[in-house]
Each structure stands twice: as structure tokens, then as C-alpha cells.
1. Stokes-Einstein D for region A:324-449 at 10 °C, 1.306 mPa s, Kirkwood Rh over Cα pairs, in µm²/s?
2. Using the Cα centre of region A:248-317 as the reference point, and only Cβ charges (+1 on K/R, -1 on D/E), how large is the resulting charge dipole? Debye, rounded to the nearest 20.
3. Using only the alpha-carbon atoms, how far is helix B:26-42 inclined from the longest principal axis of chain B? Give it as 0 to 90 degrees, nearest 10.
4. For chain B, what's the relative contact order in percent, using C-alpha pairs closer than 8 Å and at least 6 residues apart?
5. Let me check I've understood the local charge: for A:Gly276, count other residues with C-beta under 12 angstrom from its C-beta, Lys and Arg +1, Asp and Glu -1. What total comes out?
6. Bin width 5 Å, origin at 0, all Cα-Cα pairs of region B:154-261: what percent of pairs per bin?
7. Place a +1 charge on the Cβ of each Lys and Arg in region A:57-216 and a -1 charge on the Cβ of each Asp and Glu, then give the dipole magnitude about the Cα centre in debye, rounded to the nearest 20.
8. Mind checking the full-extension length gain between B:Ser150 and B:Val485? Use 0.36 nm per residue of separation minus the Cα-Cα distance, one decimal, nm.
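Here, each number is a calculation from the coordinates, and none is a lab measurement. Just so it is clear, the model here is predicted, and its values are computed rather than measured. So basically every Cβ, Gly included, is an ideal-geometry build from the backbone, and we count neighbours across all protein chains shown.
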Amino acid sequence: MHTVLSVDAMDLLWMIATVLFLYSSLSFLWKAFDCRRNQNCYLFDYVCYKPSDDRKLSTELCSDVIKRNKRLSMPDYKFLLKVVVNSGISEETYGPRSIIEGREESPTLDDCDDEVDDCMYSTLDELFHRTGISPGDVDVLVVNISMFAPAPSLTSRIVNRYKMREDVKTFNLSGMGSSASPIAIDLVNNVFETRKRTLAVVITSESIAPNWYCGTDKSMMLGNCLFRSGGCSFMLTNDPSLKHRAKMRLKCLVRAHSGANDDAYSCAMQNEDTDGRVGFHLSKSLPKVAVRAFTENLQALAPKVLPVGELALYVIRGLRHRLRRSKETKAYAGTAVRVNFKSGVEHFCLHTGGAAVIDAVGSALGLNKYDVEPARMTLHRWGNTSASSLWYVLGYMEAKKRLRRKDRVLMLSFGAGFKCNSCLWEVLRDLEDGGAWEDCIQAYPPQSLVNPFMDKFGWVNEA
Amino acid sequence: MRAVPLPRFLSSVELAYLNVVNHLLAFPIIPVMVAVLLQVLELGPDELIAHWSSLGIDTIHALCTIFTVVVVATAYFMSRPRPVYLVDHACFRPPRTFRVPFATFFEHASLVPFFDEKSVRFQVRILESSGLGEETCLPLANRYIPPCPSMEAACAEARLVIFSAIDELIAKTDLKPRDVDILVVNCSLFSPTPSLSAMIVNKYKMRSNIMSFNLSGMGCSAGLISIDLARSLLQAHPNSYALVVSTEIITPNFYAGNERSMLLPNCLFRMGAAAVLLSNSRREEDRAKYRLLHVVRTHEGADDRAYRCVYEEEDGEGNSGINLSKEMMTVAGEALRANITAVGPLVLPVTEQLRFLASLVARRLLGARGGKPYIPDFKRAFDHLCIHAGGRAVIDELQRSLGLPAALVEASRMTLHRFGNTSSSSLWYELAYIEAKSRMRRGDRVWMIGFGSGFKCNSAVWRCLRAPKAPVDGPWSDCIHRYPVHVPEMVKLL
């Protein structure tokens with residue numbers, strides 16, 4: 001009797017144990033699967049900053065601003081005007097109010113705050129409005145503005161203005177240069193690995209008002225001529241339920257930091273000139289440094305981006321080239337083996353550092369006029385807006401209805417450090433928003449990129 | 001769409017509920033397993049074999065079961081978050097030449113042309129009751145008459161403090177700079193381009209695929225924000241090393257005006273830097289000193305009063321400085337309460353949690369009649385405390401509101417005395433104090449609390465894996481024998 005009872009109880013116990021064991025194993029497996037599901041980083045939406053028209057900086061206005069610096073001699077004045085006229089920048093770019101109103105040599109803290117506030121708040125208001133997300137739902141907030149870092153930080157400014165939650169994770173990146181957009185994306189992507197269903201907002205811009213150079217060192221005056229106001233706010237998420245509304249998905253991100261090399265570290269650097277005035281020095285070795293950083297980045301990027309076939313072809317071509325070079329040194333000494341990036345990427349968002357930069361990068365990647373058009377047009381319409389330039393380039397492509405589902409977009413940027421950062425996105429659906437380009441996309445590409453003031457200021461190119 | 005975020009106390013209840021549900025399975029499983037084991041033990045070996053054969057399990061079934069168990073076990077272990085170890089840390093040791101005794105400070109303030117007499121006396125009064133000692137240090141540029149806060153001088157200070165700390169860390173840990181995968185630097189009030197992180201990459205010739213981040217403007221609590229960021233990065237990258245550098249560069253932040261609320265930083269902020277090596281490599285488990293258990297961040301910026309209480313602005317004459325509002329103590333207290341509400345469920349024993357919860361619910365439902373807020377006994381959860389040495393008032397306020405004994409706040413008071421307010425690196429000087437005093441034991445739990453502009457209150461909880469062997473080499477090596485000292489309420493200078 002006792003044995004029979006105990007056997008039944010035994011079976012029951014075994015059954016319960018098995019059921020519980022199966023339940024816990026299934027729940028562990030589900031947790032592991034769920035973890036993997038959340039490792040995608042989606043670009044939900046982005047909004048580029050469009051300042052008001054009273055902040056447009058025409059060449060005439062630039063000339064007036066330059067003339068205000070009484071320390072400059074005539075050759076300096078000519079040099080600067082030459083840079084402006086030949087920069088590929090149009091009459092429609094924007095500058096900070098403090099410079100337009102004549103306060104460039106002594107901007108107040110309020111001027112600097114107003115400049116960034118205008119950019120951050122207008123883009124964020126629109127971003128929240130378009131996505132329907134409330135600021136209280138934001139889990140991670142990243143701001144990267146390289147040359148202005150007040151206390152409390154700009155992230156705290158935004159938390160205060162939008163009354164965000166107490167447990168919002170904020171990160172205020174600063175000093176990271178023009179290539180900071182991919183760095184901010186890298187940060188968010190890494191945070192996404194540790195949290196499910198997270199929403200991140202990133203604001204990228206640059207502060208020009210406090211950084212106007214008032215001295216006479218030529219290498220520092222270039223920044224004054226080329227940087228323009230701009231910015232972008234974008235929203236990233238790893239929530240799979242928002243995938244159907246997202247625009248793009250991040251496929252890979254590569255960062256190359258050549259700061260270990262002294263030339264690279266000091267080629268784009270903020271420091272004081274001989275008179276003690278702070279400016280942003282751009283050295284003559286910058287192009288060489290940029291090429292080296294660019295090559296390093298591409299070497300890491302190529303295997304992640306290119307199809308296997310193209311990589312195999314590259315290896316074969318490389319071997320052939322090496323064989324030929326060893327036989328006929330003179331003929332092949334200067335040439336290099338090209339990789340066809342267009343086999344793995346449909347659209348290229350190049351950093352609009354300047355016309356020369358865009359052309360050089362375009363030719364290195366084997367791009368044609370159509371491919372570099374978005375970057376060239378962005379430089380023309382918005383100038384060099386530093387870290388946010390990539391987003392204006394993306395906006396151009398979208399406004400021109402070039403971005404179709406399954407297309408791949410490569411963002412490539414350079415910045416002080418010296419860094420070259422890139423990221424590859426996959427477009428999730430056909431994109432058609434006009435964004436900041438809405439009112440002017442029809443006029444692009446224009447017939448001629450020549451500065452209309454060439455007649456008036458063309459004499460600078462002669463002497 | 002996303003759920004509306006719950007108010008604080010409800011989220012505590014939710015957390016407690018989740019804890020119970022997650023462990024719901026544990027409750028029946030253990031007694032069941034024990035009962036099964038007892039039954040099995042009762043049976044003799046022959047009966048066992050008979051039972052086993054009667055179950056009709058052949059080799060295939062047995063193999064499948066073993067395979068399932070192995071797969072599930074692997075999935076379980078792989079899904080667990082990787083541990084984050086603190087291999088070691090090092091602090092900048094200011095040379096004697098940088099010392100600013102009270103008399104020097106007073107003389108300098110009197111000689112520079114921009115302070116009126118009232119401002120000089122005000123600064124001295126602050127210094128007298130600040131809790132600072134006579135050995136705190138200021139950078140050379142600030143000692144000039146008048147100070148010359150050029151960018152070059154600021155970079156020189158940055159190089160001095162940061163490289164000293166990193167060099168010492170390299171010597172202690174045999175770290176090869178090329179092995180560093182992650183670099184996070186935080187410095188609130190000085191942010192050149194290229195960043196301080198690029199400066200470190202350049203000096204130590206680090207790898208080109210390093211993941212570097214430079215945080216700025218984030219205040220005195222930024223050290224723990226950097227730790228949080230390093231932790232997120234380490235979770236995503238196995239077998240990695242993260243170097244976290246926390247500092248504050250004093251040179252560019254000398255306030256040259258006469259606004260009282262903006263003179264306080266001149267009196268309190270001093271030179272300091274800390275370098276910390278974190279890793280998630282299993283190899284480091286053998287020599288790591290601490291393990292990171294939790295990081296909890298609280299941001300009170302949504303409240304205007306909290307947001308404005310530490311604010312950089314220009315005075316009437318255009319001099320820029322940091323304005324510390326009179327409400328800072330109240331704001332700090334509120335931020336702390338918010339933070340410990342989040343930390344509590346993670347670290348407190350169950351009894352304390354239940355009492356805290358009951359008190360919260362009672363106050364919610366009954367208002368003031370629900371009784372006074374129950375302050376959990378954090379002494380039962382932690383062995384050591386490192387409170388940001390922001391100033392004597394901050395430490396006093398925390399000691400009072402958390403009901404802490406003098407021994408637990410000693411590290412903070414002594415750090416404030418010896419090094420002054422070194423901003424985000426102060427927590428590491430305090431940890432070094434506890435180690436130098438040989439009070440750290442294996443298994444001890446350390447709670448680091450940082451406060452800063454925003455207004456933020458951030459906490460980190462560490463467990464000691466390996467007590468450092470005495471004598472401990474660190475910033476306290478030459479003076480620990482003199483500590484603790486009694487810090488009087490007021491040190492009369494004038």
C-alpha cells in the first residue's frame with residue numbers, strides 16, 4: 001500500500017519537476033532570443049535645422065564682417081575673400097546672429113545660448129511633433145556640440161525645457177569635432193545593447209558665435225570663412241515594434257582615430273595664436289592626414305560593406321597589380337588598386353568639409369557627378385555645418401526621392417583628432433520627406449555653382 | 001506605444017513585485033526538487049534501476065535530454081550580463097609647489113586688481129568654514145597676479161594632471177596603452193578641440209579603432225556618468241579594457257568678478273584627476289580590486305529650481321563664472337532622496353525595503369498623517385561610503401538626512417580637507433583614503449554618490465574582490481599617518 005502510494009506521488013513529483021524545468025528552460029530561451037531581437041538600431045526620423053532668413057550670410061555680408069577686423073591687412077582681406085568666393089558656398093547659408101549684428105569679437109554667454117537654443121529647440125519641437133513621441137518617453141539623450149560646453153550641460157538644458165524623466169540617461173559629448181555624428185550613433189548603439197525597447201534622441205550641431213577668430217593668423221581664418229550654422233535632431237530606437245515607421249536601419253559603424261600620430265593630432269586644433277587669441281588652426285598637412293585616416297577607415301569598412309564577390313575581385317586585382325609592378329616598376333609605381341564601393345553602397349553621404357574634400361573623397365571612391373551631387377549641393381546651400389552636414393546630405397537625397405527600400409547609404413565624415421568615421425544604413429521603406437530642403441529642392445542642382453559675386457569680387461582671383 | 005512612465009513610488013512597488021514574480025519559479029522548484037531527492041534516496045539501488053528501466057528511456061532520449069540541458073544552460077550563462085571589474089585606479093598627486101594655504105589664498109585675492117575688499121573678506125570667510133585644509137592645490141596659472149587663464153595654460157594643467165594619473169595607473173596595472181579598447185574622459189569646464197580624449201590617444205599612441213568619448217559640461221557627478229557609459233560599452237564588447245579619466249581643469253574657471261554667489265567655486269575647487277581601469281575580461285577576475293554591481297542615475301533637470309541651482313552665467317560686468325544658488329542644499333537633498341528610492345530596491349535587505357515601501361505607501365495615501373518618511377538603514381547595505389566632497393555643507397546635510405555615523409563620512413571629510421573639491425575625481429580620492437587606512441575588506445560593499453550641475457545625483461555600488469595590501473601606494477601615501485584630523489567649524493584667519 002505504502003509502496004503504491006509513494007510510487008504515485010513519485011510520478012506526480014517527476015511530472016511537476018519536468019513541467020517546471022521545461023517552463024524555465026523555455027523562458028531562458030525566450031530571453032536569449034528576445035535579447036537578439038533588440039540589437040537593431042533604427043533611425044526613426046530626423047529633422048535638419050533651418051534658421052530664419054534674417055540670418056543669411058551673403059558674400060557681401062561676409063566681406064563687411066571681414067573688413068570690420070581692423071587688424072587685417074589688404075593681402076589678408078584678399079585671401080579671405082578669395083576663400084569665400086571659391087568655396088562653393090552660395091548666398092543662402094546662415095550665420096549666428098551675434099556675427100551678423102556686429103558682435104563677433106565679444107559674444108556674450110547669452111548669444112551662445114541663444115544660438116544653440118534656437119537650433120536645438122526648433123528641431124526637437126518638430127521631431128517630437130512628427131514622430132508623435134512625447135519627451136517623457138525619451139530614455140537616452142545625447143548632444144554633441146564640439147566647441148561650446150556650458151554648465152549645466154546642453155543635455156540638462158533640454159531635460160529642463162522638455163521636462164524629461166528623472167531616469168533619462170544623458171551624455172554631453174564635446175570637443176569631438178566634425179565627425180561626431182557617427183560617434184554619437186556609436187554611443188547610442190552600445191547603450192541599446194544593454195536595454196530593450198529604448199528610445200534615444202541625438203542632437204548634433206556646432207557653435208560658431210563664441211569661436212569667431214579675431215586675429216591675423218591665416219591658418220585660423222579659414223574656419224571663419226567656411227563654417228556655417230546648422231544642426232540636426234534625430235531619433236533612434238531598438239524597439240522592434242517601431243520598425244514599420246522607421247526610415248533606416250544601422251548595419252555597421254567604423255571609427256578610425258589617427259590621434260596617435262602627432263601630425264594627425266595637431267592638424268586641426270584649437271589653440272592660441274602669437275597674440276594670445278584663440279582660433280581653430282587648420283594646418284597644411286590636413287589633406288595628407290585626412291587621406292591616411294580615410295584609408296584606415298576604408299580598410300576596416302570594406303569587408304563589412306562590400307559583397308564577397310567584390311572583395312574576391314579586389315584580392316585578385318591586388319595580386320595581379322603586385323605581379324605587374326614587380327616586373328614593370330615604372331609604369332605601375334603610382335597607381336593603386338581601386339575597390340568599387342558602389343557594388344555595396346547605393347548612396348554616399350560625404351562630409352561637406354569643402355569642395356576639395358568632396359572631390360578628393362569622391363574620386364578615391366570612384367564616384368561620378370551624380371553620386372557627389374548631394375554633398376556638393378549641401379555645401380552650396382548650407383555651407384560646412386560641421387557634424388550635422390551628413391544629415392543635410394541625407395535630406396537632399398530624400399527630397400530628391402532617391403532613397404528607395406533596400407538601398408544602402410554610407411555616411412562618411414572627418415574631424416579633428418584626427419578621425420574618420422563612417423556608418424552604413426539600410427533604407428527600410430521608400431522615403432519622400434522634403435525636410436529642410438522642401439522649399440528649394442526644385443531649384444537644385446542649379447545651372448552653375450559659380451558665386452554670383454564673382455563679377456564684383458572676381459579680382460581677388462587675379463592678383 | 002510606450003507606457004506612460006510610473007511615478008517614483010509606484011515604480012518601487014513594481015520593482016518589488018517583479019522581484020517576487022521573477023523568483024516565483026524558485027519558490028516551488030526548490031521544495032519539489034528536495035522532495036524528489038528525498039524520495040530517490042529512500043529507494044534502494046535495485047529499485048532505482050527497476051524504476052529507470054520502467055521509464056522506457058533509451059539512449060536517444062537520454063542524449064536529447066542531456067543536449068537540451070546543455071543548450072539551456074549555455075543560453076542562460078550567455079544571456080547574463082558580463083561582470084565589470086575595476087582592475088585598479090590611480091589619482092593625481094599634486095606636487096607641494098602647487099599648494100595654496102589660506103594665507104596664500106588671502107594674499108593673492110588681496111593683490112589681484114578685480115576683487116573689492118568685501119569680496120576678499122567674503123572669500124576668506126568661505127574658506128575658513130569650508131572644511132578645506134592648508135594643503136589643497138591650485139594650478140600655476142591661477143597663482144599669477146593677475147591670473148593668466150590662457151588656453152595653453154589650461155592644456156598644460158590638463159596634461160599634468162591627466163598624464164600623471166594615467167602613468168601611475170599604467171605602473172600599477174602593467175597596462176599597455178595599445179590594449180585599451182574604450183576611453184571615456186569627463187571634464188566639465190574645459191573642452192578643447194580636439195578633445196582631451198584625443199590628447200590622451202596622442203600621448204599614449206593608442207589604437208586607431210579605439211572607442212573614445214569625451215563628456216563635458218556634466219558637472220561634479222560626471223565621473224559616475226563615465227563609469228555608466230564604460231559599463232554599457234563593456235556589455236557590448238567582450239574581453240575589453242576601458243580607461244575612464246575624470247578630472248576638472250581649474251585654469252580657465254577663475255572668476256574675476258565680485259558677485260558673491262559666483263565666488264564660491266574660487267574658494268572650493270581644486271586640482272585633481274583620477275584614472276580608472278575597468279575590464280570585463282575573465283582574466284582580470286584574479287587581480288581586480290572591485291566589481292561594479294549597480295549604477296543608478298537621477299536627473300532632476302525637469303524642475304527649474306534644480307536646473308538653476310548650479311549655473312554658468314555672466315555677471316553684470318561680463319565676467320563668467322558658476323553661480324551656486326542658496327537652494328543647493330535643499331535641491332541636493334531632494335535629488336538624493338530620488339536616487340536612493342531607485343538604489344534602495346537593488347541593495348537593501350528585504351526587511352528594510354518592505355519598511356521603506358510601507359512608509360512610502362502610507363505617506364502617499366494618508367499624506368503627512370502617514371508618519372515621517374522612513375529612512376532605510378543604509379549601514380546595513382554598505383560598509384563604506386564615498387560622498388562627493390562638494391563642500392562641508394553637502395557632507396553635513398547628507399550625514400544628517402541619511403542618519404550616518406561620523407565614521408562613514410570620514411573619507412569624504414578628509415578628502416575635502418586634504419585635496420579640496422576636486423569635482424568628479426573626488427570619489428576616487430575618497431576610495432583611496434579608505435584603502436590607505438586598510439579598512440577595505442574582501443566582500444565589502446562601497447556606495448559612491450556624486451552630485452552635480454543639472455541637477456544630477458548619481459550612484460555606483462561596488463563590491464571589493466581583493467583588499468589592497470598595506471602599505472597602499474596612492475595620493476595619501478605621504479600623509480595618511482596624520483589622518484583623520486579634526487576639522488574645526490571655523491579656522492580663523494582674519
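1. It comes out at roughly 101 µm²/s.
2. Dipole size: approximately 500 debye.
3. 40 degrees
4. Over chain B, the number comes to 20 percent.
5. Counting the neighbours of A:Gly276, the net charge comes to -4.
6. All Cα pairs, binned at 5 Å, distribute as 2, 12, 22, 23, 20, 11, 5, 3, 2, 1, 0 percent.
7. The calculation lands at about 320 debye.
8. Working it through step by step, the gained length comes to 116.9 nm.
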